[in-house]
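Encoded as structure tokens, the structure appears first; notes follow it.
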Amino acid sequence: MVRKRIRGFLLKHRVTTLFRRLFRRNCSQSAYSRLDPPRCNRVEPFSKLASWTRCLRTKAKEILSKNYNNSCRGFIRVGQEPFIEKPAPVPKGHMAVYVGQKDGGDFQRIFVPVAFFNHPLFGDLLKESEKEYGFNYPGGITIPCRISEFERIQTRIKSGQSTRKLR
Amino acid sequence: MVKPCWKPSVEGDGNRRRENGSRKGGDLIGRVDGLLWYKDIGNHIDGEFSMAVIQANSLMEDQSQIESGPLSSLDAGPCGTFVGIYDGHGGPETSRFVNQSLFTNLKKFASENQEISANVIKKAFLATEEEFLSLVRQQWSVKPLLASVGTCCLVGLICNGILYIANAGDSRVVLGRANKTVRGVTPVQLSTEHNANLEPIRDELRSLHPDDSQIVVLKHKVWRVKGIIQVSRSIGDAYLKRSEFNREPLLAKFRVAEPFHKPILSAEPSILVHKLQAEDQFLVFASDGLWEHLSNQEAVDIVNSYPRQGIARRLVKAGLRVAAKKREMRYTDLKKIDRGVRRHFHDDITVVVVFIDQCLIKTASSRSSTVSIRGGGGFP
């Protein structure tokens with residue numbers, strides 16, 4: 001995670017400086033005919049490049065905030081993304097579980113700290129899973145449960161409550 | 001004459017024991033590391049063996065044993081190596097029972113017949129079944145649940161250069177046979193699983209129960225006998241063998257709805273007799289927990305490419321790595337998960353690798369030592 005964050009910053013800086021350099025070159029109108037000179041002259045190159053930079057910056061921020069969430073909240077929500085194409089790699093100490101209800105549409109892929117699995121509250125969820133799907137099904141652990149409910153249980157486990165007042 | 005073959009490994013064993021300064025009983029009874037039990041290497045009278053067990057259920061349902069030495073109570077009786085893999089279901093009681101009594105029964109029949117034969121092994125299976133069913137009858141009023149417990153039963157026996165494989169259930173044994181043309185080892189599966197997911201098994205069940213259209217049922221994409229159980233042969237499962245146990249006080253969820261007159265499951269093993277060849281190098285016995293993650297080829301390749309010492313443990317690890325990957329986690333994280341919850345990731349896994357060292361087989365009269373080891377020593 002940490003490594004990724006560093007990489008993100010580096011990339012951002014690199015891109016910004018690169019674009020700044022390009023812009024300066026365009027401004028000084030040096031002999032860079034190869035770098036699409038007509039366009040440079042016609043459109044305001046500064047605003048365009050600046051917007052690209054801004055775009056990159058926000059994207060980088062998004063990635064970082066995901067990492068931030070991950071370290072703080074214990075999981076990342078990536079359910080909206082079509083995970084079939086490219087599932088996000090599972091961070092160390094975590095595993096991917098699929099949470100949702102059969103009739104309630106799609107399952108969300110959620111990263112859960114492995115330590116939660118040994119918690120009795122999580123054990124109840126796993127019992128539901130066993131009832132519904134048994135033990136031998138392909139893919140990640142699937143939990144038949146509403147997302148809101150699942151998040152509530154996670155919060156509870158995190159806060160160290162073990163009182164069995166579920167549902 | 002046998003000594004050259006024996007010595008190095010025996011010495012190695014002793015050194016290791018001293019180095020690790022292990023707990024009481026040393027390496028002789030195996031070691032425990034969390035949910036893993038293992039005996040990295042040992043000697044049987046026809047070569048070496050390696051054994052490993054990992055627990056997933058909150059109560060260990062897999063049981064296993066290796067016995068090497070005299071196979072009867074007679075002084076001049078047959079000698080050999082006996083391997084048993086007992087994969088229990090519904091509880092640990094039947095597999096534990098079989099672990100205690102099957103080999104004793106085998107010795108009894110071997111003494112009576114003064115030899116080892118397919119018939120002797122079959123008799124031992126059926127006698128063990130009878131003993132367990134009488135235990136169920138005896139406990140019926142206090143522990144009716146015992147009628148719903150059963151076990152798969154895979155036995156391998158090497159005696160005078162002949163290999164006997166007897167199987168009832170869905171454990172599997174694979175022979176690693178040296179292949180000179182590809183300079184590798186070819187897997188030869190010696191047992192067939194009695195699992196309703198296999199078409200020949202469904203056909204067999206349908207022909208045995210022509211009047212019952214519901215003998216095999218597809219439920220949640222899995223074929224089950226009477227919609228209840230995947231295996232078609234087992235020891236125990238009294239409620240599927242005798243009508244007298246398919247009633248109260250056994251809970252309704254463990255019963256078959258309609259009465260039956262013919263046993264639904266059978267305890268009779270399928271038996272294969274094979275004369276060992278010079279190319280036959282090793283046998284990999286394992287409960288289905290391993291085979292759902294590793295193919296026969298993968299298993300023999302691992303055994304062929306790594307040192308013998310700890311090879312069973314390596315196979316278990318390889319299986320667990322696949323299991324972790326399937327559940328989208330790391331192997332190191334899987335190890336943190338407690339027994340019971342573990343069952344969501346993999347089943348109990350038992351692996352016994354038996355190396356067949358030809359130089360020892362030829363002098364099989366050597367009665368040097370008796371080995372008797374049970375897998376999973378002190379597991380709950």
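The values are calculated or read from the model by the stated rules, or taken from the named source; none is laboratory data. Quantities reported herein were computed from a predicted structural model and do not represent experimental measurements. Glycine also receives a Cβ, built like all others from the backbone with ideal geometry; neighbour counts cover every protein chain displayed. Protein only, heavy atoms only, side chains kept; ligands, DNA and RNA dropped before computing areas. Shrake-Rupley method; radii C 1.70, N 1.55, O 1.52, S 1.80 Å.
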Gaussian network model of chain B, Cα springs within a sub-10 Å range: biggest mean-square fluctuation belongs to which of B:44, B:344, B:293? B:344
How far is helix B:311-326 tilted, in degrees, relative to the longest principal axis of the Cα atoms in chain B, given as a value from 0 to 90 rounded to the nearest 10? 50 degrees
Taking the alpha carbon gyration tensor of the stretch B:221-380, what are the square roots of 5 times its eigenvalues, largest first, to the nearest whole Å? 35, 25, 15
Ranked by GNM mean-square fluctuation in chain B (Cα springs under 10 Å), the top entry among B:142, B:284, B:303 is B:142
Summing -39500 (n - 2.57) over the DSSP H runs of n ≥ 4 in chain B and dividing by its residue number, what mean residue ellipticity at 222 nm do you reach, to the nearest 500 deg cm²/dmol? -9000 deg cm²/dmol
Give the accessible surface of the stretch A:94-161 per residue, rounded to a whole number of Å², with probe radius 1.4 Å and ligands, DNA and RNA excluded. 44 Å²
For the stretch A:94-161, what is the charge dipole size about the Cα centre, in debye to the nearest 20, if Lys and Arg each add +1 at the Cβ and Asp and Glu each add -1 at the Cβ? 180 debye
Heavy-atom accessible area, 1.4 Å probe, ligands and nucleic acids excluded: residues of the stretch B:288-327 down by at least 50 Å² from chain alone: B:327
Report residue B:248's accessible area, 1.4 Å probe, all protein chains in place, as a number in Å² to the nearest 10. 130 Å²
PRE zone check, label point 7 Å out along Cα-to-Cβ of residue B:160, amide N under 20 Å, scope the stretch B:73-109, hits B:73-83, B:106-109
Estimated buried accessible area (total), pair A and B, 1.4 Å, Å² to nearest 100: 1700 Å²
Phi angles of the stretch A:128-145, converted by Karplus (6.51 cos²θ - 1.76 cosθ + 1.60, θ = phi - 60°) into ³J(HN,Hα) in whole Hz with x for Gly and Pro, give 4, 4, 5, 4, 7, 10, x, 9, 9, 10, x, x, x, 4, 10, 10, x, 6
Plugging the Kirkwood radius over Cα pairs into Stokes-Einstein for chain B, at a temperature of 20 °C and a viscosity of 1.002 mPa s, what D comes out in µm²/s? 100 µm²/s
I'd like the Karplus ³J(HN,Hα) series for the stretch B:117-126: coefficients 6.51, -1.76, 1.60, θ = phi - 60°, whole numbers in Hz, and an x wherever there's a Gly or Pro. 8, 4, 5, 4, 5, 4, 4, 4, 4, 5
Label residue B:256 and residue B:212 with points 7 Å out from Cα along Cα→Cβ: what is the distance between them in nm? 0.2 nm
With N residues in the stretch A:94-161, Rg(alpha-carbon) / (2.2 N^0.38 Å) equals 1.03
Student exercise, the stretch B:122-255 dipole from Lys, Arg, Asp, Glu Cβ charges, in Debye to nearest 20: 360 debye
Residue by residue, what Karplus-based ³J(HN,Hα) values in Hz, rounded to whole numbers, does the stretch B:53-69 have, using 6.51, -1.76 and 1.60 with θ = phi - 60° and x for Gly and Pro? 9, 10, 8, 10, 6, 5, 10, 4, 9, 7, 10, 7, 8, 10, 10, 9, x
Kirkwood Rh over alpha-carbon pairs of the stretch B:212-284 plugged into Stokes-Einstein at 37 °C, 0.692 mPa s gives a D in µm²/s of 223 µm²/s
Amide H contacts under 5 Å for residue B:348, placed H, 5+ residues apart: B:56, B:57
With the cut-off at 27 Å, tell me which of the pairs B:219/B:262; B:226/B:336; A:102/B:221; A:131/B:335 have Cα atoms farther apart than that. B:226/B:336
Add +1 for every Lys or Arg and -1 for every Asp or Glu among the other residues with Cβ under 14 Å from the Cβ of residue B:65, and state the total. +1
Checking the cross-link filter: which aspartates and glutamates have an alpha carbon closer than 13 Å to that of residue B:143, excluding same-chain neighbours under 8 positions apart? B:93, B:248
